[in-house]
1. Show the residue pairs meeting these rules: Cβ distance below 7 Å; 6+ apart or different chains; first residue within region 207-224 and under 12 Å from Asp314 (Cα atoms) and in a loop (DSSP other than H, G, I, E, B); second residue open to solvent by less than 10 Å² (accessible area, probe 1.4 Å) and among the aliphatic types (A, V, I, L, M).
2. Return the total of residues in region 190-206 being surrounded by 15 or more Cβ atoms within 10 Å (Cβ to Cβ) and either over 25 Å from the mean Cα position of the chain (by Cα) or not in a strand (DSSP E or B) (or both).
3. Between a residue in region 342-366 that is under 18 Å from Val172 (Cβ atoms) and open to solvent by less than 50 Å² (accessible area, probe 1.4 Å) and any residue that is modelled with pLDDT of 95 or more and small (Gly, Ala, Ser), which pairs come within a Cβ distance under 6 Å, given they are 6 or more apart or on different chains?
4. Just one of the numbered conditions (1) of a type in the set (D, E, K, R); (2) in contact (Cβ under 8 Å) with a residue 40 or more places away in the chain; (3) farther than 19 Å from Ala340 by Cα is not true of Glu300; which one?
5. Considering region 144-161 alone, what residues qualify as being in contact with a strand residue (DSSP E or B) (Cβ under 6 Å, 6 or more places away or on another chain) and of a type outside the set (Gly, Ala, Ser)?
6. Hey, among Arg341, Arg324, Arg303, which residue is of a type in the set (Lys, Arg) and over 28 Å from Ser115 (Cβ atoms)?
7. Scanning for something open to solvent by less than 10 Å² (accessible area, probe 1.4 Å), in contact (Cβ under 8 Å) with a residue 12 or more places away in the chain and of a type outside the set (Val, Ile, Thr), does region 114-126 turn up at least one residue?
8. Could you list all residues from region 277-287 that are open to solvent by 10 Å² or more (accessible area, probe 1.4 Å) and either aliphatic (A, V, I, L, M) or closer than 12 Å to Val110 by Cα (or both)?
Amino acid sequence: MTRHGTRVVQVLTQVSGGPVDHAVDVAGELARRGVDSHVVGPRAVHVPGVTWHGTTVAGKADARGARDALALLRSLRADVVHAHDRRAGWLARLAAPVLGAPVVYTLHGVADGLSDLVAGNVRAADRRRRDRLYYLTGERLVTRWARARVVVPSAAVATYAVARVGLPEEIVSVVHNGVDPARWRPAAAPDGPVTMVWSGVLGGVKRVGLLLDALAAVPAARALVVGDGPERLLVERRAAEPALTGRVELTGWLPDPAPAYARGHLLALTSAAENLPLSVLQAMSCGLPVVATAVGGVPEVVRDGVEGLLVPADDPAALTAALRTMVEDDGLRERAGKAARDRVEESFSLAACVDGLQRVYDEVRS
């Protein structure tokens with residue numbers, strides 16, 4: 001396992017989102033294990049034992065930001081550089097020959113126009129002409145150039161990385177995402193109508209409209225919608241319709257969604273495409289059963305009929321039927337919620353995730 005004092009640098013260019021939350025969690029767990037843990041990125045990180053270095057790369061054309069970030073990375077003299085979001089992945093891999101350290105890149109997601117190349121996903125957006133050049137050919141070439149190791153949070157996307165991107169199987173490692181069960185704890189079941197918690201970006205790939213359609217057909221339930229995005233106004237208008245009036249609450253983006261999970265009886269995931277969403281693991285750790293589309297790595301975590309119910313993507317009838325079953329069956333919710341918590345503790349904890357990452361770090365340094 002990675003030795004005490006080994007310097008590992010997590011690299012980010014995004015301010016928020018799943019890759020950011022995951023990288024910060026990993027950095028904190030590494031620090032607790034005695035690793036010299038650093039985060040380079042635009043969002044201030046206040047985690048005990050983690051050293052944050054502020055830098056901003058505003059876009060692909062931000063040459064000055066990229067130059068400053070590269071200079072910072074070189075000065076840190078890392079033993080391992082671990083890049084997360086796409087822009088950070090390109091920056092670290094292109095600069096790999098001058099960093100003096102092996103580069104690990106986590107492939108957190110697939111472009112919406114290529115999402116149907118992952119098992120269970122449907123295409124979430126029109127396929128652009130540049131998608132194959134940038135996300136398939138480009139990914140293959142820049143990874144080869146860097147001699148990088150690619151970590152993937154799900155076996156489904158690992159298959160995509162090998163079969164579609166063309167990466168050698170031996171450089172692709174599946175390390176499932178994980179959450180800290182001590183932080184994401186079950187709360188007492190709330191009073192009142194059964195509440196579905198939905199968490200994510202209010203945008204096309206997440207299919208929040210399917211949740212509202214299903215909710216209209218399950219009048220005994222309410223929905224707590226956590227997040228923000230380009231479809232917020234649309235959701236607000238839908239929530240004012242007669243069939244939904246008073247049954248939908250929009251919280252906006254929450255820096256800590258744990259209180260929202262504590263108000264819910266189940267988690268609903270309606271996405272057309274995913275890798276392995278942290279929202280599912282967080283809710284399961286909080287003891288919530290899950291009704292989800294069987295996209296990407298979700299079936300690797302949620303077993304149909306055990307921790308929740310799975311339905312095909314973009315199937316409104318199946319989603320409505322599954323949500324109705326979960327809403328109306330108190331015993332099913334209780335059993336599945338307990339199984340969900342057990343599943344995270346046994347197989348999808350943050351500790352298990354960092355164990356896997358440290359094995360990768362050791363391999364790339366050997």
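The values are calculated or read from the model by the stated rules, or taken from the named source; none is laboratory data. Please read these numbers as outputs of a predicted model, since none were measured by experiment. Every residue, glycine among them, receives a Cβ derived from its backbone with ideal geometry; neighbour counts consider all protein chains shown. Note: areas computed on protein heavy atoms with side chains; ligands, DNA, RNA excluded. Shrake-Rupley method; radii C 1.70, N 1.55, O 1.52, S 1.80 Å.
1. From region 207-224, the pairs are Arg207/Ala272.
2. Initial filter on region 190-206 (surrounded by 15 or more Cβ atoms within 10 Å (Cβ to Cβ)): 194-206.
The next check asks that each one be either over 25 Å from the mean Cα position of the chain (by Cα) or not in a strand (DSSP E or B) (or both); those that pass are 194, 200-206.
Selection size over region 190-206: 8.
3. Sorted first by the residue in region 342-366, then by its partner, the pairs are Cys353/Gly178; Val360/Ser173.
4. Glu300 satisfies all of (1) of a type in the set (D, E, K, R); (2) in contact (Cβ under 8 Å) with a residue 40 or more places away in the chain; (3) farther than 19 Å from Ala340 by Cα except (3).
5. Here is the first cut: in region 144-161, the ones in contact with a strand residue (DSSP E or B) (Cβ under 6 Å, 6 or more places away or on another chain) are 146, 148-152, 155, 158, 161.
Hits for region 144-161 are Arg149, Val150, Val151, Val152.
6. Of Arg341, Arg324, Arg303, the one residue that is of a type in the set (Lys, Arg) and over 28 Å from Ser115 (Cβ atoms) is Arg341.
7. Checked region 114-126: at least one residue is open to solvent by less than 10 Å² (accessible area, probe 1.4 Å), in contact (Cβ under 8 Å) with a residue 12 or more places away in the chain and of a type outside the set (Val, Ile, Thr).
8. Within region 277-287, Leu278 is the sole residue that qualifies.
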